[in-house]
Amino acid sequence: MDKYLVKRPSPGKDKQQPLETKGGELDCIRDGGEKKRPRSGMPGADGSLVHSPWKQIRAEGLNCDYKILFGNTEADKIFQELEKEVEYFEGDLTKVQVFGKWHNIPRKQVTYGDPELTYTYSGVTFSPKPWIPVLNHIRERITLATGHTFNFVLINRYKDGCDHIGEHRDDERELIPRSPIASVSFGACRDFLFRHGASRGKNASRHVEPVRLQLAHGSLLMMNYPTNVYWYHSLPVRKKVLAPRINLTFRKVMALPKT
C-alpha cells in the first residue's frame, strides 16, 4: 500500500503535485492540476507563510484533500497548548457500546463546540465543552485554508501506538448532510487506513484495495462527500510508535430537536 502514502513535503519541494487515482493507482498529476483553495500560504508562528500544496486523494467514492497547515514551530507550540488546556472526558463518557456491550475507549476523548449542540455515537451522547483559544485558533486557520466554517470538534488523544480507533464511518445524524470533516493532527505520525465498505469482513462482496495515509504533525486532511458514505477509516495499533498524537476532527453539526 506504499503507493498510497502521502508524505510531508520536503523543504524546497513545494511544487509536488496532488495525488489522484488512475486505473485504481495513486499517481502524481503531471499537468499542474492542483486544486484551488482560497489561500495557499498560511501565516506561521513567526509571521512567515507555510506554503504547502494540496494533495488530492482519490479512489472510487473517496474524495479527500491533504496539506500541511502548520509549520513545525507553530505545530509544536499548538501541541503543547493542547496538552495543557484540553480537558478530556472521564467516567461513563470514556465508554462506548459495541454489539450491546460496553467497552473502555482505547484513547482519551472530548468534544468542544457551540452551545445546544450534541453528538451521539456508539450509544453515548456527548455535549460539547465551550470553545477555548487554542481550538478557536486552529478552527480559524482551517476556515482561512478551506473556506469552510465548523461549530464542533471531537478530540482524540493517543498516548502511544497502542491507543487506537477501530473502523467506522462519520455518518451520525447530527452532521449536516454532505458537509466535509476537517481532520487536524499533531504529534506522532500514524498510519490512517481507509477501507471500502464492500471490502470489509469475511463476506466481502468485492475487493477494493485499502488506502493508507500517514498524517504528519501539523497536517490537515479534508474528508469530503461522499467519502463517509462508502469508506470506513481507522487508526490501527502500531506498537513501535512511542510518542503521543492528538487528532481534532472539526465538523458541521446541526442542533436536533429534543425528544
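The values are calculated or read from the model by the stated rules, or taken from the named source; none is laboratory data. A quick note: this is a predicted structure, and the numbers were derived from the prediction, not measured. As a convention, Cβ positions derive from the backbone with ideal geometry for all residues, glycine included, and neighbour counts pool all protein chains shown. Just the protein is used for accessible areas: all its heavy atoms, side chains included, with ligands, DNA and RNA removed. Shrake-Rupley method; radii C 1.70, N 1.55, O 1.52, S 1.80 Å.
List of remarks:
- Projected label distance in nm at Lys84 and His207, using a 7 Å step from Cα toward the beta-carbon: 5.2 nm
- For the range 116-259: relative contact order, % (alpha-carbon pairs under 8 angstrom, 6 or more apart): 38 percent
- Set against the 2.2 N^0.38 Å expectation for a compact globular protein, the range 132-174 has a Cα radius of gyration ratio of 1.48.
- Among the protein heavy atoms of the range 105-171, carbon and sulfur supply 53% of the accessible surface, probe 1.4 Å, non-protein parts ignored.
- Centroid-to-centroid, using Cα positions, the range 178-218 and the range 52-77 are 14 Å apart.
- Largest first, the extents of the alpha carbon coordinates of the range 125-201 on the three principal axes equal 41, 32, 29 Å.
- Value of D in µm² per second that Stokes-Einstein yields for the range 115-259, Kirkwood Rh from Cα pairs, at 25 °C (0.890 mPa s): 150 µm²/s
- Sparsely packed loop sites in the range 172-259 (the trypsin sites (Lys or Arg not before Pro) outside DSSP H, G, I, E and B with at most 11 other Cβ atoms within 10 Å) comprise Arg173, Arg178, Lys202, Arg206, Lys239, Lys240, Lys258.
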